[in-house]
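Written below as structure tokens is the structure these notes are about.
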Ligand code: PMP
């Protein structure tokens, strides 16, 4: 061990954050692949489609036009105009440019918001199961994540009474993600209403609406965002979105938010002393995505809906597994309760969802993520953002793996 290694001491806020189980599974899957095993990874949080050609062309043109310098800190005026137009056109939400921010992904926007608003001990209510990064982002900002469990028999949606009970004088935010990673659950207007009614009674609680999966809703269900449904909440709502999932642009790193100008200004302060503007070239690409032809979204949504049905039907045909049909995103969150207590033929006991996922990976070359990583067991999350053929092969393997248990 070198002297430098000995004297390294991580900050307290980092110590509170464990190495994510998801990353461990990803690393194990990569190791097996390197050893030559035909592992199918159903863990991806990104569409397998390509970024549209007109978006790539806009980025190339931006480079040639010399748009390669610093831009306005939280987005060019052109990008903010494209975002304002998107909010108006698709969500019926009106934001001025001073009420709009752009960062390096929705993730940075959420991080900025927590850093700008949380003081030590401030609480953020998270509807569990949730995207694991939420809790860690709250902790990095010295806040306290408060989990409220969303039961499967409530469609993995937050119950208004449970929310009311979780609110304390320290509550600063409720973070709501519809459609949800990891469950795919989405809220209709009628399902969202009682939650917003609770928030209307607690003026100290702000709402962060993570709409990143907005364009991935199925069966013709209209997407609903909170600030449009309840204009009374708009002055304390941050509506978060981005181009990653809708336009298959995860690597470009552009996300955005709309909210009250004081919040947006405070978020700009955080961004000004960390990353400054999102990539100038990516901003040009995001303008093309938001303002260009939108028909591409329809075909992709149909492809995802077909895959969802393929996955849900195949999972429900497996003895010991059950899966509700999610309304959106590209994940299924299936129960493996019926498999707990069974044994592999060489005597390994399936005593948890983690054990089941380990067994799937190590013996059957399929990587999925245990529900316990997201705060609800015994479940597993399967991402269907991969080809139909990969999905069919993986589901055959999962079915075989379950049949071998006794
Ligand atoms: N919110 C949710 C629920 C997500 O699943 C993700 C990506 N996994 C993000 C936000 C972040 O998206 P990005 O930073 O790529 O815009």
Helices (runs of 4 or more DSSP H) lying entirely in the range 1-74 (those with 3 or more residues that are buried (at least 16 other Cβ atoms within 10 Å of the Cβ)): 21-34, 53-64
Got at least one residue in the range 145-166 being within 16 Å of the ligand (Cβ to nearest atom), surrounded by fewer than 23 Cβ atoms within 10 Å (Cβ to Cβ) and under 20 Å from residue 204 (Cβ atoms)? yes
Kindly provide the set of residues from the range 177-192 that are more than 18 Å from residue 373 (Cα to Cα) and buried (at least 19 other Cβ atoms within 10 Å of the Cβ), ordered by number. 178, 179, 186, 187, 192
Sole exception among (1) within 16 Å of the ligand (Cβ to nearest atom); (2) in contact with a helix residue (DSSP H, G or I) (Cβ under 8 Å, 6 or more places away or on another chain); (3) touching a residue at least 60 places away in the same chain (Cβ under 8 Å) for residue 116, by number: (1)
Could you identify the single residue in 62, 11 that is in contact (Cβ under 8 Å) with a residue 40 or more places away in the chain, away from the ligand (no atom under 16 Å from the Cβ) and either in the same structural domain as residue 133 (by TED's automatic domain parsing) or on the phi < 0 side of the Ramachandran plot (or both)? 62
Give just the number: which of (1) within 16 Å of the ligand (Cβ to nearest atom); (2) assigned by TED's automatic domain parsing to the domain that holds residue 286 does residue 21 not satisfy? (2)
Take residue 104 and decide whether it is in contact with a strand residue (DSSP E or B) (Cβ under 9 Å, 6 or more places away or on another chain), modelled with pLDDT of 90 or more, assigned by TED's automatic domain parsing to the domain that holds residue 285 and within 16 Å of the ligand (Cβ to nearest atom). yes
For the range 86-97, how many residues are more than 10 Å from residue 228 (Cα to Cα) and in contact with a helix residue (DSSP H, G or I) (Cβ under 7 Å, 6 or more places away or on another chain)? 3
Of everything in the range 227-252, what is over 15 Å from residue 297 (Cα atoms), within 15 Å of the ligand (Cβ to nearest atom) and buried (at least 20 other Cβ atoms within 10 Å of the Cβ)? Give them in sequence order. 238, 239, 240, 241, 252
Scanning the range 365-390 for residues that are touching a helix residue (DSSP H, G or I) at 6+ places or on another chain (Cβ under 6 Å) and either not in a strand (DSSP E or B) or not assigned by TED's automatic domain parsing to the domain that holds residue 351 (or both) gives 368, 371, 372, 373, 377, 378, 384
Hey, does the range 309-319 have a residue that's surrounded by fewer than 19 Cβ atoms within 10 Å (Cβ to Cβ) and in a loop (DSSP other than H, G, I, E, B)? yes
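Table: residues versus (1) assigned by TED's automatic domain parsing to the domain that holds residue 195; (2) free of Cβ contacts under 8 Å to residues at least 40 places away in the same chain; (3) away from the ligand (no atom under 14 Å from the Cβ).
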| position | (1), (2), (3) |
| --- | --- |
| 58 | no, no, yes |
| 73 | yes, no, yes |
| 78 | yes, no, yes |
| 90 | yes, no, yes |
| 94 | yes, yes, yes |
| 98 | yes, no, yes |
| 121 | yes, no, yes |
| 125 | yes, no, yes |
| 136 | yes, no, no |
Being free of Cβ contacts under 8 Å to residues at least 12 places away in the same chain and touching a strand residue (DSSP E or B) at 6+ places or on another chain (Cβ under 9 Å) is the filter; apply it to the range 14-50 and report the residue that is farthest from residue 389 (Cα to Cα). 30
Which of the numbered conditions does residue 85 fail, given that it passes all the others? Conditions: (1) more than 18 Å from residue 258 (Cβ to Cβ); (2) more than 16 Å from the ligand (Cβ to nearest atom); (3) out of contact with any strand residue (DSSP E or B) (no Cβ under 8 Å at 6 or more places or on another chain). (1)
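The values are calculated or read from the model by the stated rules, or taken from the named source; none is laboratory data. Everything numeric here is computed off the predicted structure, so don't read it as measured data. When we count neighbours, we look across all protein chains shown, and the Cβ atoms used for this are built from the backbone with ideal geometry, even at glycine.
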